[in-house]
Amino acid sequence: MMTLEPGGARAVTRFRKEFVHPQYDSVTLPPAFATALVDNQWFGLKLVSYEVRGDATKVVNRLYVDTAPFALATGMPKNQWRLLSEYVDGEGVRTGQYTKLAVWGGWQTTLRTDGIHDLDFALLSVREIMPPP
């Protein structure tokens, strides 16, 4: 899991891993640019996870953010994605209590929201992509 959180949170962006519910490990990540969730503002979020080619012991996790995702005139997506944070998970790397690599995908995808009262969604997509070479 990768997070984007409100300003004032312990960390604006983190990598989180959970093998035993609800025991999460959290790794605070440095954001690549200044941003945080704000009430009454749309954000585009894109999480990309992929195995490193030629190295089955690593998975790259990247969180991209579009801070102004819709063109006002048309309402269409602008697709101005910027990389906010990245975490390379590795077999044997301790993130807290866990050292196991999270390298599998399931038939179900979950979006977790903590402390959010109201949340609107638009243009959802969950799909497989080819990792970069």
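Summary table
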item	result
Gaussian network model of the chain, springs between alpha carbon atoms under 10 Å - residue of GLY92, GLY75, GLY106 with greatest fluctuation	GLY106
Inter-site label distance for LEU123 and LEU111 at 7 Å from Cα along Cβ, in nm	1.3
Neighbour-count order for MET2, MET130, MET76, fewest beta carbons within 10 angstrom listed first	MET130, MET76, MET2
Where chymotrypsin sites (Phe, Trp or Tyr not before Pro) fall in DSSP loop in the stretch 1-100, at most 11 other Cβ within 10 Å	PHE33
Anisotropy class of the stretch 48-88 from Cα gyration tensor, a/c 1.5 cut	prolate
Of ARG16, ARG94, ARG112, the one that fluctuates the most in a GNM where the chain has Cα springs shorter than 10 Å	ARG112
When the stretch 1-72 is reduced to its Cα atoms, the Kirkwood hydrodynamic radius in Å	14.0
Hypothetical label at LEU83: residues of the stretch 48-73 whose amide nitrogen lies under 13 Å (7 Å Cα-Cβ projection)	48-50, 60-65
Full-stretch length increase - MET130, ALA73 - with 0.36 nm per residue and alpha-carbon distance subtracted	17.2 nm
Value of relative contact order over the chain, rounded to a whole percent, pairs C-alpha under 8 Å and six or more apart	20
Whole-angstrom gap from the stretch 48-79 to the stretch 81-133, using each part's C-alpha centre	11
Gaussian network model of the chain, springs between alpha carbon atoms under 10 Å - residue of THR109, THR95, THR67 with greatest fluctuation	THR109
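Since every read-out is calculated from the coordinates, none of them should be taken as a lab result. This one's a predicted model, so the numbers in the text were calculated from it and none came from an experiment. Every residue, glycine as well, gets a Cβ built from its backbone with ideal geometry; the counts of neighbours run over all protein chains shown.
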